[in-house]
Amino acid sequence: MLHVDLDQFLAAVEMLRHPELRGRPIVVGGDGDPTKRGVVSTASYDARALGVRSGTPLRTAARRIPEAVFLPVDREHYEGISAEVMAALRSDGVVVEVLGWDEAFVAVESDDPEAVARQLQERVRDATGLECSVGIGRNRLQAKLATGFGKPAGVFRITGATWFDVLGDLPADALWGIGAKTARKLAELGIATVRQLAEADEAELAARFGRTNGPWLQRLAQGRDSATVVDTPHRARSRGREVTYQQDLADWDDVRREVAALARRLAGEIADGGPLAVRVVVKVRYVPFTTATHSRTLGTPTVDADAIEQAALEALDRFAPGRPVRLLGVRAELEQ
């Protein structure tokens, strides 16, 4: 398995369009105005070295790097470049599973996967001018994690024999699929590293995380993954809309109106013959920067605007009103 990940994708695309920006810290996010509320979508490596990363508030980024170049997100252009990359990866007839704009798994049969990886890098570079990193593993998990050790523009391989040498002493949330919340729960059991999770008591994990998730977490820590690479078209697991308000919403009636409008707009976007919504998730970011989410499962999978709006408002009712709000979001989780 090979995992191909485009380096600093949005920033790299902008540097192709604006070669004069090379060598300068570039921040892509919002409408490109760092005086407005919003967050960074991608920061160039130069910007990351100065303390700005994806998810950093734009205003914070501007304070940290006043000399940075701020650019708006150009979704349509990035999607077009991404399609060129994926076409280049498929040009030899290999199986490619697209994960998003900037990454994909590639299944190959070769005695020299490093050579194949370098060929893929060259193919992407020739087609688009972009650089990518490639991770190699016996399974998707190993390949995905290997990519991070090859950045930027490198190739790195992880095998069963080298798994613990590379990852054993890293924190558990270094694993693909384990987030901060799960890592905190593992810490409560005295499990901090990948090696400790791999060697943990399976019954204890099952008791804490469930009979399915507990053993699954341990398999991750052991570098085991049975999932295969499939070339079916990429289908998003969810679709969402969110708005960062330049002026705080202090009146909860205004919050309800905004959530209803976002829900109806989202329903219109997914009502195109694609997968149906099965759950609606509402996100609220309070002032200054505390974020919470609540969800509502739909009785029947649907794209009906009334049903999605109603579910969003029912999810909103689970929040405590009264605090000023700076961001609202509505996300529909889709049938798979």
Exercise. Mind listing just one residue for me: the one in region 246-266 that is in contact (Cβ under 8 Å) with a residue 60 or more places away in the chain and touching a helix residue (DSSP H, G or I) at 6+ places or on another chain (Cβ under 8 Å) and, of those, surrounded by the most Cβ atoms within 10 Å (Cβ to Cβ)?
Key: Ala263
Quiz item: How many residues does region 1-59 hold that are of a type in the set (Gly, Ala, Ser) and either closer than 25 Å to Met86 by Cα or assigned by TED's automatic domain parsing to the domain that holds Leu89 (or both)?
Solution: 7
Exercise. Please find, within region 283-336, the residue that is farthest from Gln247 (Cα to Cα) out of those that are of a type in the set (A, V, I, L, M) and part of a loop (DSSP other than H, G, I, E, B).
Key: Val303
Quiz item: So which of Asp165, Asp169 is on the phi < 0 side of the Ramachandran plot and out of contact with any Lys or Arg (no Cβ under 9 Å at 6 or more places or on another chain)?
Solution: Asp165
Quiz prompt | Selection within region 32-45 - under 14 Å from Glu14 (Cα atoms) and either more than 21 Å from the chain's Cα centre (by Cα) or part of a loop (DSSP other than H, G, I, E, B) (or both) | solution = Gly32, Ser41, Ser44
Practice problem: Could you grab the pairs with beta carbons closer than 8 Å, sequence gap of 6+ or different chains, first residue in region 111-129 and without any contact (Cβ under 8 Å) to a residue 24 or more places away in the chain, second one part of a loop (DSSP other than H, G, I, E, B) and surrounded by 16 or more Cβ atoms within 10 Å (Cβ to Cβ)? | Solution: Arg125/Glu131
Quiz item: In region 182-241, what count of residues is obtained for those that are part of a loop (DSSP other than H, G, I, E, B), of a type in the set (Lys, Arg) and under 25 Å from the mean Cα position of the chain (by Cα)?
Solution: 3
Practice problem: May I ask you to say which residue of Leu145, Leu141 is modelled with pLDDT of 95 or more, in a helix (DSSP H, G or I) and touching an Asp or Glu at 6+ places or on another chain (Cβ under 6 Å)? | Solution: Leu141
Self-check item: Breaking point among (1) crowded, with 20+ Cβ neighbours inside 10 Å; (2) among the small types (Gly, Ala, Ser); (3) over 30 Å from Arg17 (Cα atoms); (4) touching a Pro at 6+ places or on another chain (Cβ under 9 Å), for Ala172
Solution: (4)
Quiz item: Quick check: anything in region 88-99 buried (at least 19 other Cβ atoms within 10 Å of the Cβ), over 25 Å from Arg17 (Cα atoms) and at pLDDT 95 or above?
Solution: no
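The values are calculated or read from the model by the stated rules, or taken from the named source; none is laboratory data. Note that this is a predicted model, so its numbers are computed, not measured. Using ideal geometry, Cβ is built from the backbone for each residue, glycine included, and neighbour counts are taken over all protein chains shown.
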